[in-house]
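These notes are about the structure you will find just below.
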Amino acid sequence: MSQAFLRLACRTPSLRASSSIPRVVRSSARSFSGSCVVRSDVQPTSLDTFTDEEQMLRESVARFAQEVIAPKVREMDEAEMMDPELIKALFEQGLMGIETSADHGGAESSFTSAIIAIEELAKVDPSVSVMCDVHNTLVNTVLRKYGTKEQQEKWLPLLSESQLGSFCLSESASGSDAFALQTRAVKDGNDYVINGSKMWITNSYEADIFLIFANVDPSKGYKGITCFIATKDMGIQIAKKEQKLGIRASSTCALSLDDLRVPAENIIGGEGKGYKIAIEILNEGRIGIAAQMLGLAQGAFAKAVPYTFERKQFGQAVGTFQGLSFQQARAACEIEAARLLTYNAARRKEEGKSFVREAAMAKLVASEVAQKVSGAAIEWAGGVGFTRETGIEKYWRDSKIGAIYEGTSNIQLQTIAKFIQKEYS
């Protein structure tokens, strides 16, 4: 699928209420009230309703994942390295600029389309999915929402067509407490000189473009945090590439920023606005992680369940035994619940409604479901599921990170609890 096709296939307006005037219908004698009944011309739809363009995108990404990514999954996992040709293919397919405007080389599609792509990629390889997720929902979104016209014209075409992006917020002493970061930026003429280090930075080994959060005025606390855009050739150093339990092909590195000189024109959103950018973007990003975990759970389910109907014991397929069939039925329910939470959050975000609580719920539940279903899938396949040959065990390894990055499960619970307290206390 060409990028030009994706641009046409993925223009996906969200499901919004019609702007037409509702019809007023006189109620009959049998109605509960004698007042007029206001009826809208727009009928409610299920959360499983997608536009033709969104469905085309889902089918195209699913086909790409099976034909291009699937043959590389085990090799990349064993090597703990993303295939450069695969990164190139993602750009060629238009999957690295899903929401970016066509004028900037993107597909000019919807947020839900990005969520669909992340979900479908995760069904085959969560490592590829998170690379695409961070690039689209964090890096590209920061430039689209907060970048100046000049910054967008300079950076978005590169991010849409050829250069991978990385989001650099976390540090050794600032994980869940992200605003405790110690990296400093000092003004020097028309530049800022940045010194510090970053940890747990996704995409950083392969990335060319980095969004770096640093404090320009520690006396202001978190209000001194500023977002800079920089390139690797400015002097960003990979200090250590982490060896991880899961999502091994997705790079996670520690970065050294030693006298990194960045032009003042590379500040995004204004000096001291970095904290606002980080909060808002991570809320959106959590929906992306929910989609990744949703796809992961579905991928594990789809790999393990067919085997249970091929494997026979005591004269029948093991999947027909009540104990196992009930486990699979419950897993299917939990996957569906995660799906509804994820797409509800995505649609609310698209429609301009509040979505912070819904995003936290989606990420929390989807990460729990992913871990539970992928773990059960290993057991459903028995000894075969425990081997690396089937790829089922990889889903479980990959699932563990869902409860950690872009806000731990406890952070999600804290967010949800605050909404409850606000409503009821």
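Name the single residue, out of those in region 354-371 being small (Gly, Ala, Ser) and within 18 Å of ILE279 (Cβ to Cβ), that is most open to solvent (accessible area, probe 1.4 Å).
Of the residues in region 354-371, the ones small (Gly, Ala, Ser) are 354, 359-360, 362, 366-367, 370.
So of that shortlist, the ones also within 18 Å of ILE279 (Cβ to Cβ) come out as 354, 359-360, 362.
On the way: SER354: 83, ALA359: 1, ALA360: 1, ALA362: 0 Å².
Here the answer is SER354.
Answer yes or no as to whether SER129 is buried (at least 17 other Cβ atoms within 10 Å of the Cβ), closer than 22 Å to MET234 by Cα and hydroxyl-bearing (Ser, Thr, Tyr). Steps first, please.
Values: buried (at least 17 other Cβ atoms within 10 Å of the Cβ): yes; closer than 22 Å to MET234 by Cα: no; hydroxyl-bearing (Ser, Thr, Tyr): yes.
No.
Which one is nearest to SER250 (Cα to Cα), of the residues in region 372-388 that are open to solvent by 20 Å² or more (accessible area, probe 1.4 Å) and in contact (Cβ under 8 Å) with a residue 40 or more places away in the chain?
That would be ARG388.
Checking the condition acidic (Asp, Glu), part of a helix (DSSP H, G or I) and open to solvent by 20 Å² or more (accessible area, probe 1.4 Å), which residue from GLU406, GLU336 passes?
Testing whether each residue is acidic (Asp, Glu), part of a helix (DSSP H, G or I) and open to solvent by 20 Å² or more (accessible area, probe 1.4 Å) leaves just GLU336.
For region 36-93, which fully contained helices (runs of 4 or more DSSP H) count at least 3 residues that are modelled with pLDDT of 95 or more and over 18 Å from SER129 (Cα atoms)? Steps first, please.
On the way: elements: 52-64, 73-79, 84-92.
Result: empty, no element qualifies.
Among the residues of region 105-113, is any at pLDDT 95 or above, among the β-branched types (Val, Ile, Thr) and over 12 Å from the mean Cα position of the chain (by Cα)?
No: zero hits.
Which of the residues belonging to region 216-247 are within 30 Å of GLN292 (Cβ to Cβ), open to solvent by less than 50 Å² (accessible area, probe 1.4 Å) and of a type in the set (D, E, K, R)?
Those that are within 30 Å of GLN292 (Cβ to Cβ), open to solvent by less than 50 Å² (accessible area, probe 1.4 Å) and of a type in the set (D, E, K, R): GLU242, LYS244.
Looking at (1) more than 21 Å from LYS241 (Cα to Cα); (2) touching a residue at least 24 places away in the same chain (Cβ under 8 Å); (3) part of a helix (DSSP H, G or I), which is the only condition MET131 fails?
Among (1) more than 21 Å from LYS241 (Cα to Cα); (2) touching a residue at least 24 places away in the same chain (Cβ under 8 Å); (3) part of a helix (DSSP H, G or I), MET131 violates only (1).
If we keep just the residues of region 304-326 that are part of a helix (DSSP H, G or I), open to solvent by less than 100 Å² (accessible area, probe 1.4 Å) and not hydroxyl-bearing (Ser, Thr, Tyr), which is nearest to GLU393 (Cα to Cα)? Break it down into steps so the answer makes sense when it comes.
Quick first cut of region 304-326, residues part of a helix (DSSP H, G or I) only: 304-310, 318-320, 322-326.
Next, only the ones that are open to solvent by less than 100 Å² (accessible area, probe 1.4 Å) stay: 304-308, 318-320, 323-325.
Those left that are additionally not hydroxyl-bearing (Ser, Thr, Tyr): 304-306, 318-319, 323-324.
On the way: ALA304: 10, VAL305: 14, PRO306: 16, VAL318: 19, GLY319: 19, GLY323: 21, LEU324: 18 Å.
Residue satisfying both the conditions and the ranking: ALA304.
Just give me the residues in region 141-162 being closer than 17 Å to ASN283 by Cα and either within 12 Å of the chain's Cα centre (by Cα) or open to solvent by 10 Å² or more (accessible area, probe 1.4 Å) (or both), in sequence order. Write out each step before concluding.
Going through region 141-162, the residues closer than 17 Å to ASN283 by Cα turn out to be 141-146.
Of everything in region 141-162, those that are closer than 17 Å to ASN283 by Cα and either within 12 Å of the chain's Cα centre (by Cα) or open to solvent by 10 Å² or more (accessible area, probe 1.4 Å) (or both) turn out to be THR141, ARG144, LYS145, TYR146.
With respect to ASN195, determine if the residue is surrounded by 24 or more Cβ atoms within 10 Å (Cβ to Cβ) and among the polar types (S, T, N, Q). Full working, then the answer.
Details: surrounded by 24 or more Cβ atoms within 10 Å (Cβ to Cβ): no; among the polar types (S, T, N, Q): yes.
When the stated conditions are applied, ASN195 does not pass them.
I'm trying to understand the selection: among the residues of region 103-125, which are open to solvent by 30 Å² or more (accessible area, probe 1.4 Å) and in contact (Cβ under 8 Å) with a residue 40 or more places away in the chain?
Quick first cut of region 103-125, residues open to solvent by 30 Å² or more (accessible area, probe 1.4 Å) only: 103-104, 108, 123.
The answer is HIS104, GLU108, LYS123.
Scan region 144-171 for residues that are small (Gly, Ala, Ser), in a loop (DSSP other than H, G, I, E, B) and farther than 17 Å from ILE236 by Cβ and report the count.
At the first step, the residues of region 144-171 found to be small (Gly, Ala, Ser) are 147, 160, 162, 165-166, 170.
In the following step, the residues that additionally are in a loop (DSSP other than H, G, I, E, B) were identified as 147, 162, 170.
Next cut, farther than 17 Å from ILE236 by Cβ only: 147, 162.
Count: 2.
For the list (1) open to solvent by less than 30 Å² (accessible area, probe 1.4 Å); (2) touching a helix residue (DSSP H, G or I) at 6+ places or on another chain (Cβ under 8 Å), I need the number of the one condition that GLY274 fails.
Of everything listed in (1) open to solvent by less than 30 Å² (accessible area, probe 1.4 Å); (2) touching a helix residue (DSSP H, G or I) at 6+ places or on another chain (Cβ under 8 Å), GLY274 misses just condition (2).
The values are calculated or read from the model by the stated rules, or taken from the named source; none is laboratory data. Predicted, not measured: the structure shown is a model, and the values here were computed from it. Cβ sites come from the backbone with ideal geometry, for glycine too, and all protein chains shown count toward neighbours. For the accessible areas, the whole protein counts, side chains as well, though only heavy atoms, and no ligand, DNA or RNA atoms are used. Shrake-Rupley method; radii C 1.70, N 1.55, O 1.52, S 1.80 Å.
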